[in-house]
Amino acid sequence: MKNALVLLAMLGLAQYAAANGLIYEALMKHHMAPPAPPVVVSGPRQCLTVPELAAADGNFTALLAASKAAGLDSVLADPELSGTLFAPTDAAFAKLLKALGVSADELLAQKDLLVKVLSYHFSPEVHTTAQMYDGQKLPTLLTADATGAAKTASLLTVNKVAAYDFHPWQRTTEVSIIPSGGAPAAIVKPDIPACKVLVQVVDAVLVPNLTPKEPAIEGVPSGIYGKH
């Protein structure tokens with residue numbers, strides 16, 4: 001009996017020593033392990049330009065084709081370019097082509113027209129959706145050289161309204177842009193940075209009224225590509 005007790009005591013001490021040995025080993029590994037190497041950034045982070053952002057997204061092939069046909073692709077590729085770009089999606093361009101009754105190739109062949117339309121989508125000022133207010137007039141690249149009625153027609157108008165879901169406290173803000181010669185375009189993806197440009201994705205092409213003496217008809221791009 002005595003020998004059995006001694007054997008149990010020895011086994012208990014052995015288990016205790018083994019357990020503490022594992023704990024000690026773990027502690028030593030924790031304290032003696034070499035520290036993780038610091039994260040080293042070799043240079044400043046590179047931003048995506050507008051064409052790079054559009055290409056990566058894959059939903060702006062028509063915008064890229066139009067900017068190239070207009071000779072504006074190098075301008076949009078400048079990382080120092082600053083302002084706000086209202087970028088229509090491919091679906092937006094498809095709606096425009098249907099409304100005009102022309103093919104993509106026919107539209108892309110109209111360089112002067114493309115320059116004016118694309119210039120109408122760019123404001124030289126940075127406008128976040130939070131900063132925009134209802135009724136605000138935004139200048140575009142068409143504004144600088146315009147006078148009189150043409151100057152007014154070169155502006156974009158902000159339409160900003162509060163929308164409520166099922167509960168009054170669940171309020172969201174809907175922002176759309178009203179052009180001078182066509183249907184409003186809703187901002188569907190706001191405030192996307194592309195270097196110094198802020199991209200506002202819109203669901204319709206912003207159509208300027210290039211003949212401001214003619215009244216613009218809501219929903220129809222008048223004064224841009226013949227009469228409808």
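The values are calculated or read from the model by the stated rules, or taken from the named source; none is laboratory data. Keep in mind the model is a prediction, meaning the values are calculated, not measured. Because the Cβ atoms are built from the backbone with ideal geometry, glycine has one as well, and the counts that use them run over all protein chains shown. Protein only, heavy atoms only, side chains kept; ligands, DNA and RNA dropped before computing areas. Shrake-Rupley method; radii C 1.70, N 1.55, O 1.52, S 1.80 Å.
Only one residue in L100, L118 is at pLDDT below 95, open to solvent by less than 30 Å² (accessible area, probe 1.4 Å) and either over 16 Å from the mean Cα position of the chain (by Cα) or under 19 Å from I177 (Cβ atoms) (or both), so which one is that? Give the steps one after another, and end with the answer.
On the way: L118 fails: at pLDDT below 95.
Sole residue among the options that is at pLDDT below 95, open to solvent by less than 30 Å² (accessible area, probe 1.4 Å) and either over 16 Å from the mean Cα position of the chain (by Cα) or under 19 Å from I177 (Cβ atoms) (or both): L100.
Return a yes/no flag: does the stretch 179-200 have any residue that is open to solvent by less than 60 Å² (accessible area, probe 1.4 Å), of a type in the set (A, V, I, L, M), in contact with a Pro (Cβ under 8 Å, 6 or more places away or on another chain) and at pLDDT 95 or above.
Yes, because at least one residue in the stretch 179-200 is open to solvent by less than 60 Å² (accessible area, probe 1.4 Å), of a type in the set (A, V, I, L, M), in contact with a Pro (Cβ under 8 Å, 6 or more places away or on another chain) and at pLDDT 95 or above.
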